[in-house]
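Participant: Please see the structure below; I have some questions.
The values are calculated or read from the model by the stated rules, or taken from the named source; none is laboratory data. Everything numeric in this text was worked out from a predicted model, so none of it was measured. As a convention, Cβ positions derive from the backbone with ideal geometry for all residues, glycine included, and neighbour counts pool all protein chains shown.
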Amino acid sequence: MAQAQTRMTRQRAVILEELRKTKSHPTADELYSIVRERLPHISLGTVYRNLDFLADSGEIRRLEAAGSTKRFDGDISWHQHVRCVHCGRIGDVMQPLAAPPVDGIQVRGFSAIVGARIEFDGVCEACASRREAGQQD
């Protein structure tokens with residue numbers, strides 16, 4: 001049983017290939033629409049399960065922010081992200097800042113802080129253009 005869960009199935013391979021082709025950091029639903037073009041009978045549940053498996057195994061990144069829809073990134077190289085505060089679009093920051101040190105940080109109710117990440121907030125070009133067009137009317 002454990003072997004069946006760890007092997008690279010055709011469905012898992014297609015999901016991974018399609019995610020790695022896109023730079024849009026799609027949601028599971030968006031990726032499901034893309035994958036269905038190649039695998040018309042795949043279920044949404046299968047996409048969700050495989051994305052979770054791929055994220056847990058380190059093949060992809062799961063991007064989660066409080067109050068935002070979970071998105072996925074096929075690029076696991078060291079980089080950070082910027083999220084549009086208006087539409088939620090995510091972009092890659094390819095000149096990342098070093099993560100802050102966590103040694104010595106103590107928080108009540110936690111035995112250890114094991115890492116930190118930086119995510120930037122911004123306004124994407126599409127939202128900025130819409131806002132400018134709205135202000136000119």
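Participant: Yes or no: ALA66 within 26 Å of PHE120 (Cα to Cα) and either among the aliphatic types (A, V, I, L, M) or out of contact with any strand residue (DSSP E or B) (no Cβ under 8 Å at 6 or more places or on another chain) (or both)? I'd like the intermediate steps shown before the answer.
Facilitator: Values: within 26 Å of PHE120 (Cα to Cα): yes; either among the aliphatic types (A, V, I, L, M) or out of contact with any strand residue (DSSP E or B) (no Cβ under 8 Å at 6 or more places or on another chain) (or both): yes.
Yes: the conditions hold for ALA66.
Participant: Next question. Looking at the structure I just gave you, is ARG61 more than 13 Å from the chain's Cα centre (by Cα), closer than 24 Å to ARG7 by Cβ, among the basic types (Lys, Arg) and surrounded by 10 or more Cβ atoms within 10 Å (Cβ to Cβ)? Steps first, answer last, please.
Facilitator: Values: more than 13 Å from the chain's Cα centre (by Cα): no; closer than 24 Å to ARG7 by Cβ: yes; among the basic types (Lys, Arg): yes; surrounded by 10 or more Cβ atoms within 10 Å (Cβ to Cβ): yes.
When the stated conditions are applied, ARG61 does not pass them.
Participant: Now, a different point. In this structure, does ALA4 turn out to be over 28 Å from ASP121 (Cβ atoms) and modelled with pLDDT of 95 or more? Spell out how you get there, then give the answer.
Facilitator: On the way: over 28 Å from ASP121 (Cβ atoms): yes; modelled with pLDDT of 95 or more: no.
In short, no.
Participant: Can you confirm whether region 123-135 contains a residue that is assigned by TED's automatic domain parsing to the domain that holds ALA13, polar (S, T, N, Q) and surrounded by 10 or more Cβ atoms within 10 Å (Cβ to Cβ)? Reasoning before the result, please.
Facilitator: At the first step, the residues of region 123-135 found to be assigned by TED's automatic domain parsing to the domain that holds ALA13 are none.
No, region 123-135 has no match at all.
Participant: A follow-up question, please. Residues to consider are VAL107, VAL47, VAL102; find the one that is outside any strand (DSSP E or B), without any contact (Cβ under 8 Å) to a residue 60 or more places away in the chain and closer than 20 Å to ASP29 by Cβ. Write out each step before concluding.
Facilitator: Details: VAL107 fails: closer than 20 Å to ASP29 by Cβ; VAL102 fails: closer than 20 Å to ASP29 by Cβ.
Selected residue: VAL47, the only one of VAL107, VAL47, VAL102 that is outside any strand (DSSP E or B), without any contact (Cβ under 8 Å) to a residue 60 or more places away in the chain and closer than 20 Å to ASP29 by Cβ.
Participant: Evaluate region 56-68: report whether one residue or more is assigned to a helix (DSSP H, G or I) and either among the basic types (Lys, Arg) or not assigned by TED's automatic domain parsing to the domain that holds CYS124 (or both). Please lay out each step first, then the result.
Facilitator: Applying the first criterion (assigned to a helix (DSSP H, G or I)) to region 56-68 yields 56.
From the residues that got through so far, the ones that are either among the basic types (Lys, Arg) or not assigned by TED's automatic domain parsing to the domain that holds CYS124 (or both) too are 56.
Yes, there is a match, as at least one residue in region 56-68 is assigned to a helix (DSSP H, G or I) and either among the basic types (Lys, Arg) or not assigned by TED's automatic domain parsing to the domain that holds CYS124 (or both).
Participant: Just name the residue that is farthest from ASP75 (Cα to Cα) out of those in region 102-130 that are within 17 Å of the chain's Cα centre (by Cα) and modelled with pLDDT under 90.
Facilitator: Here the answer is ALA116.
Participant: Scanning region 17-58 for residues that are among the charged types (D, E, K, R) and in contact with a helix residue (DSSP H, G or I) (Cβ under 8 Å, 6 or more places away or on another chain), which turns out surrounded by the most Cβ atoms within 10 Å (Cβ to Cβ)?
Facilitator: GLU18
Participant: Quick check on region 61-79. Is at least one of its residues small (Gly, Ala, Ser) and over 22 Å from ILE118 (Cα atoms)?
Facilitator: no
Participant: Is it the case that ALA99 is among the hydrophobic types (A, V, I, L, M, F, W, C) and over 20 Å from the mean Cα position of the chain (by Cα)?
Facilitator: Values: among the hydrophobic types (A, V, I, L, M, F, W, C): yes; over 20 Å from the mean Cα position of the chain (by Cα): no.
Taking the combined requirement at face value, the residue does not satisfy it.
Participant: Hey, among the residues in region 7-16 that are under 17 Å from ASP52 (Cβ atoms) and either in contact with a helix residue (DSSP H, G or I) (Cβ under 9 Å, 6 or more places away or on another chain) or outside any loop (DSSP other than H, G, I, E, B) (or both), which one's modelled with the lowest pLDDT? Quick ask: steps written out before the conclusion?
Facilitator: Going through region 7-16, the residues under 17 Å from ASP52 (Cβ atoms) turn out to be 7-9, 11-16.
If we keep only those that are either in contact with a helix residue (DSSP H, G or I) (Cβ under 9 Å, 6 or more places away or on another chain) or outside any loop (DSSP other than H, G, I, E, B) (or both) too, we end up with 8-9, 11-16.
Details: MET8: 84, THR9: 91, GLN11: 96, ARG12: 96, ALA13: 96, VAL14: 97, ILE15: 98, LEU16: 97.
Going through the qualifying residues, I end up with MET8.
Participant: Looking at region 28-44, which of its residues are of a type in the set (Val, Ile, Thr) and either assigned to a helix (DSSP H, G or I) or modelled with pLDDT under 95 (or both)?
Facilitator: Filtering region 28-44 for residues of a type in the set (Val, Ile, Thr) gives 34-35, 42.
Result: ILE34, VAL35.
Participant: Just checking, which of ASP92, ASP75 is surrounded by 10 or more Cβ atoms within 10 Å (Cβ to Cβ), modelled with pLDDT of 90 or more and in a loop (DSSP other than H, G, I, E, B)? Can you show your working first?
Facilitator: Working: ASP92 fails: in a loop (DSSP other than H, G, I, E, B).
Step by step, each of ASP92, ASP75 is checked, and only ASP75 is surrounded by 10 or more Cβ atoms within 10 Å (Cβ to Cβ), modelled with pLDDT of 90 or more and in a loop (DSSP other than H, G, I, E, B).
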